[in-house]
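The values are calculated or read from the model by the stated rules, or taken from the named source; none is laboratory data. Keep in mind that this is a model prediction, so the values were computed, not measured. Positions of Cβ are backbone-derived with ideal geometry, glycine not excepted, and every protein chain shown enters the neighbour counts. When the accessible area is computed, the model is the full protein with side chains, heavy atoms only, and any ligands, DNA or RNA have been set aside. Shrake-Rupley method; radii C 1.70, N 1.55, O 1.52, S 1.80 Å.
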Amino acid sequence: MKKLIKYLKGSWVFVICAPLLMIVEVCCDLLQPTLMSNIIDVGVASGEMAQVWATGLKMLSVALIGVCGGAGCTILSTKASFNFGAKLRQSMFDRIQTFSFKEIDKLQPSSLITRLTNDVTQLQGCLRMILCMLVRAPFSCIGGIVMAVAISPKLSLIFVVAIPVLVTAILLIVSKTFPMFGEMQKKIDRVNTVMRENLLGVRVVKAFVGQEREKKRFDGANSDLTNWTLSAIDRINLLWPIITFVMGAATCALIWFGGKLVQTGDLEIGKIMAFMTYLNQVLSSIMMVIMMSLSFSRAKVAMDRCNEVMDTQSTILDPEKPIDPEKWSVEFDHVNFSYNKTDPEPVLKDITFSVQPGQRVGIIGNTGSGKSSMVQLIPRLYDVDSGKVSIGGVDVKDMSLDTLRQHIGVVLQEAVLFSGDIESNLRWGGGTCDEDSLQSALNDAQATEFVSQLPNLMHNIVEQRGRNYSGGQKQRLSIARTFAKNPDILILDDSMSAVDTETEAKMQTALRERIGSGITFVIASRVSAIADSDMILVMEDGRIVGQGTHSELIKNNEIYRGIVASQWGEEAIA
Ligand SMILES: Nc1ncnc2c1ncn2[C@@H]1O[C@H](COP(=O)(O)OP(=O)(O)OP(=O)(O)O)[C@@H](O)[C@H]1O
Ligand SMILES: [Mg+2]
């Protein structure tokens with residue numbers, strides 16, 4: 001709770017004034033029954049119309065003040081809660097930006113989306129309720145009891161029976177329902193995961209005619225959530241008959257005993273009516289407490305989930321005293337790496353190699369052999385388990401993350417563009433590129449031709465995830481984006497898979513000129529893309545099983561010979 005209070009910064013005036021205005025409304029509500037009993041017992045009983053009018057006017061004014069108080073409270077509490085929600089969401093979003101791939105893998109994007117939306121909204125609603133109800137319920141309850149006792153201490157004994165019965169029922173039922181809400185949020189996560197996977201992969205679903213299967217999968221998650229929610233609500237619903245019964249019994253008791261007091265002349269009818277209103281107010285405020293406790297219990301779960309995001313520290317942090325390398329060479333020294341510590345075998349095993357500036361490294365190997373995993377260790381998208389990755393002799397863990405990532409350009413296997421236009425995507429990598437450098441980046445990525453045919457050229461719109469561009473166009477644009485960054489180390493992870501061989505050759509030539517004294521890592525499945533590299537790494541099952549130039553490997557590496565033979569024919573290795 002303490003952790004969340006700081007998000008109220010800037011809203012304290014609303015937070016303080018809203019409950020005060022609510023107190024005004026409660027006081028007005030408490031005054032009304034007494035004024036009404038005055039009209040009946042004094043005005044009507046004695047036939048004094050002037051008194052009836054005067055008290056009626058008083059009631060009207062009190063009602064107006066009450067309405068203003070209530071409306072003011074609603075407006076201020078809404079402002080406070082929305083400001084709170086926006087600040088919390090922003091902080092969570094900022095925190096998520098600091099996460100490494102490991103934390104994202106652990107917390108899962110779909111769960112993070114639920115936390116940023118559903119959970120924050122839950123907390124927002126709860127805050128609004130606290131600001132309005134938290135003062136209203138006790139004030140209305142205690143105020144009602146005080147006013148009722150003032151009317152008749154004897155009749156007030158009804159509260160002594162009714163309140164404990166109600167409170168026991170509430171505690172029993174609510175304590176059984178509380179734990180169900182944690183599970184409910186998890187089930188919402190599951191629905192979101194299925195929905196997200198389906199919507200992102202909608203093309204694959206259609207291509208595989210997988211709608212029916214997907215419908216079933218969604219139905220499973222959706223029904224699970226609905227059934228769980230319904231069983232929680234069923235338990236809560238048990239409360240309403242109990243409340244109605246207690247209220248009915250209390251009213252009967254009031255009429256029974258109150259009637260006797262009227263008969264003996266100890267109490268006037270107006271006072272009985274006022275007492276009845278106070279009785280209703282007291283019992284309703286207890287109902288309000290139920291509603292609040294329900295909202296609290298859901299908010300508690302939401303709060304824990306939001307705090308989990310805020311408390312998660314990225315495992316990949318800046319060192320206290322960052323060291324800048326003198327040159328941008330890359331060394332891997334007996335590196336082992338696994339995504340989960342519990343995995344029986346690491347994904348990368350004993351990787352050792354070094355690359356000097358100006359060199360071009362080709363990486364080839366079966367699918368799942370660890371190529372992408374290996375290059376992701378260079379910009380510290382993940383950290384090694386043991387061994388060392390260093391740049392110019394400096395362990396990447398000792399370098400500032402900003403410096404490291406500014407000098408390294410990665411084109412990931414999956415080309416992702418952001419909504420905006422082409423220019424904003426090219427500038428996305430940071431740096432202050434002028435128009436010419438953007439054009440040359442596009443040129444080198446062989447994207448000029450198709451961009452020049454677009455109706456708005458560089459300002460052509462890019463929809464979410466770049467879905468209005470073809471696979472090859474997306475790849476070229478994401479390569480251009482990395483080129484525009486002018487990195488010292490460029491990593492292309494299977495980034496030319498969707499371009500034809502001719503374009504690929506042009507891109508390779510441009511790449512050589514562009515990177516010059518930098519290092520390029522090219523992961524490819526086509527031998528043609530890496531054959532002229534200064535060094536080729538052949539990977540199998542998380543290990544480097546071959547290292548050398550194309551001709552060296554052809555001579556002495558069976559696995560490489562196999563790959564070349566399968567693509568270029570037996571004569572290529574003869
Ligand atoms: N985020 C992840 N979490 C857990 N395991 C992963 C993750 N990414 C990859 N792996 C596992 O690590 C192994 C190596 O994957 P990697 O992506 O490095 O292979 P790759 O050589 O790049 O394959 P491809 O040629 O298909 O791209 C695979 O067995 C894969 O299942
Ligand atoms: Mg890969």
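Brief remarks follow.
- Residue check, P109 within 30 Å of S373 (Cα to Cα) and either among the charged types (D, E, K, R) or exposed (fewer than 15 other Cβ atoms within 10 Å of the Cβ) (or both): yes
- All told, G562 falls short of being on the phi > 0 side of the Ramachandran plot, at pLDDT 85 or above and more than 42 Å from the chain's Cα centre (by Cα).
- Summed over the stretch 348-363, the residues that are open to solvent by less than 40 Å² (accessible area, probe 1.4 Å) and either in a loop (DSSP other than H, G, I, E, B) or within 15 Å of ligand 1 (Cβ to nearest atom) (or both) give a count of 7.
- Only one of V204, V262, V282 that is assigned by TED's automatic domain parsing to the domain that holds E183 and open to solvent by 60 Å² or more (accessible area, probe 1.4 Å): V204
- Answer residue from the stretch 391-402, given it is open to solvent by less than 30 Å² (accessible area, probe 1.4 Å) and assigned to a helix (DSSP H, G or I) and is nearest to ligand 1 (Cβ to nearest atom) among those: V396
- Counted residues, the stretch 404-419 - those being open to solvent by less than 30 Å² (accessible area, probe 1.4 Å) and either more than 23 Å from K474 (Cα to Cα) or modelled with pLDDT of 85 or more (or both): 4
- Residue match in the stretch 311-333 (condition: in a helix (DSSP H, G or I) and farther than 30 Å from Q356 by Cα): yes
- Criterion violated by L199 - all others in (1) open to solvent by 80 Å² or more (accessible area, probe 1.4 Å); (2) over 30 Å from G471 (Cβ atoms); (3) of a type outside the set (K, R) satisfied: (2)
- Number of the exception - R89 against (1) surrounded by fewer than 17 Cβ atoms within 10 Å (Cβ to Cβ); (2) under 22 Å from the mean Cα position of the chain (by Cα); (3) among the basic types (K, R): (1)
- Residue list for the stretch 252-301, filter: among the hydroxyl-bearing types (S, T, Y) and closer than 12 Å to L155 by Cβ: Y278
- Cβ-Cβ contacts under 8 Å between residues 6 or more apart (or on different chains), taken from a first residue in the stretch 356-374 that is of a type in the set (K, R) to a second residue that is near ligand 2 (Cβ under 8 Å from one of its atoms) and open to solvent by less than 10 Å² (accessible area, probe 1.4 Å), are listed as K371/D493; K371/I523.
- Taking (1) surrounded by fewer than 18 Cβ atoms within 10 Å (Cβ to Cβ); (2) of a type in the set (S, T, N, Q); (3) touching a helix residue (DSSP H, G or I) at 6+ places or on another chain (Cβ under 7 Å) in turn, N366 satisfies each apart from (3).
- Checked against (1) at pLDDT below 80; (2) touching a Gly at 6+ places or on another chain (Cβ under 9 Å), L477 passes all but condition (1).
- Within the stretch 486-535, tally of residues that are within 27 Å of I391 (Cβ to Cβ), charged (D, E, K, R) and within 14 Å of ligand 1 (Cβ to nearest atom): 2
- Considering residues of the stretch 364-390 that are among the polar types (S, T, N, Q) and under 28 Å from the mean Cα position of the chain (by Cα) only, the residue farthest from ligand 1 (Cβ to nearest atom): Q376
- Filtered by the rule that a residue be crowded, with 18+ Cβ neighbours inside 10 Å, within 26 Å of L283 (Cα to Cα) and of a type in the set (S, T, N, Q), the stretch 172-195 gives a lone residue, T177.
- Residues of the stretch 151-171 classified as assigned to a helix (DSSP H, G or I) and surrounded by 14 or more Cβ atoms within 10 Å (Cβ to Cβ), total: 9
- Those residues of the stretch 33-50 which are open to solvent by 40 Å² or more (accessible area, probe 1.4 Å) and of a type outside the set (A, V, I, L, M, F, W, C), in sequence order: T34, N38, S46, G47, E48
- Taken together, Q446, Q413 contain a single residue that is within 26 Å of the chain's Cα centre (by Cα), outside the structural domain of R196 (by TED's automatic domain parsing) and assigned to a loop (DSSP other than H, G, I, E, B), which is Q413.
- If the condition is being more than 16 Å from ligand 2 (Cβ to nearest atom) and open to solvent by less than 10 Å² (accessible area, probe 1.4 Å), then the stretch 485-521 contributes I489, L490, V499, E504, M507, L511, G518, I519, T520.
- Flag if C68 is assigned by TED's automatic domain parsing to the domain that holds I39 and surrounded by 20 or more Cβ atoms within 10 Å (Cβ to Cβ): no
- Wholly within the stretch 1-103, helices (runs of 4 or more DSSP H) carrying at least 1 residues that are over 28 Å from V146 (Cβ atoms) and charged (D, E, K, R): 2-5, 49-98
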